[in-house]
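For reference, the structure is listed below as structure tokens.
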Amino acid sequence: MASNSTHISATDATATPESRSVIDGTPNYEALASEVVLLMARMKPPHRPPHMGASSNGNGCDDFPPPEPPAIPPDLMEIGRGSVGVLGALSHLGGQATPGKLGQITGLSKGRVSNIIRALEEKGYVEKRPSPTDSRSVTVALSAKGHEVTDQHIAALRSHVTKMLQLLGPRDAEDGVRVMRHLAQILTEKCGEGPQEASR
């Protein structure tokens, strides 16, 4: 393949970050993506053997990364592909939704969603209720057990993200969330509605 003289490799040691990411005033998205991948690897802290315990140098990394989220219950794992996604979608949608909406949000087929709902109901994670607006349809709702599992995982994820934002500081944390919000809006407009919009 012929080389492109305008391409600047993200691994070129002689190039500055600015020259890698911008070419003739135009963002080099491939180089930016390569840098993001490298930065993600750098964000993983060095392994600390258990016998060494946590550091106490006051650099803000004593408890980073946060503990892993709670393990997925074995009976939920038995259901297989898509079960966790359906529970997560229900949680984002306020705890209840129609099977059709769950299929739209998760991208799963109608048959697969139906099988997952049936298995989740048998294991006590969801309940099926008659739709208040359509006698031919049902609404799937999280049970107390379903709420407990999803709340635990969401709380663990929120704790993890909170610690990362605190490391950034107020201004960069707000800028980072603003960029993610903008990206989510673009993807929603191009690819269809997401959980937040679907709940409206």
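The values are calculated or read from the model by the stated rules, or taken from the named source; none is laboratory data. Keep in mind it's a predicted model, so treat the numbers as computed, not measured. All Cβ positions, even for glycine, are placed from backbone atoms using ideal geometry, and neighbour counts span all protein chains on display.
Values for this structure:
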item: Pair list, Cβ under 8 Å, 6 or more apart: region 150-177 residue within 19 Å of Pro70 (Cα to Cα), other residue of a type in the set (Asp, Glu) and at pLDDT below 90; result: Ala156/Glu68; Lys163/Asp63
item: Every residue from region 169-187 that is over 19 Å from the mean Cα position of the chain (by Cα) and surrounded by 11 or more Cβ atoms within 10 Å (Cβ to Cβ); result: Asp172
item: Hits in region 149-185 (condition: in a helix (DSSP H, G or I) and of a type in the set (Gly, Ala, Ser)); result: Ala155, Ala156, Ser159, Ala173, Gly176, Ala184
item: Residue match in region 149-163 (condition: touching a Leu at 6+ places or on another chain (Cβ under 8 Å), surrounded by 15 or more Cβ atoms within 10 Å (Cβ to Cβ) and closer than 16 Å to Gln96 by Cα); result: yes
item: Failed item, numbered, when Thr188 is tested on (1) touching a helix residue (DSSP H, G or I) at 6+ places or on another chain (Cβ under 8 Å); (2) assigned to a helix (DSSP H, G or I); (3) touching a residue at least 24 places away in the same chain (Cβ under 8 Å); result: (3)
item: Filter pass, Lys145 being touching a Phe, Trp or Tyr at 6+ places or on another chain (Cβ under 8 Å), within 20 Å of Ile72 (Cβ to Cβ) and part of a helix (DSSP H, G or I); result: yes
item: Residue ID - farthest from Gly85 (Cα to Cα), chosen from residues in region 134-144 that are without any contact (Cβ under 8 Å) to a residue 40 or more places away in the chain and in contact with a strand residue (DSSP E or B) (Cβ under 9 Å, 6 or more places away or on another chain); result: Ser137
item: Subset of region 92-122 that is in contact with a Pro (Cβ under 9 Å, 6 or more places away or on another chain) and in contact (Cβ under 8 Å) with a residue 60 or more places away in the chain - its residue that is farthest from Ala144 (Cα to Cα); result: Ile105
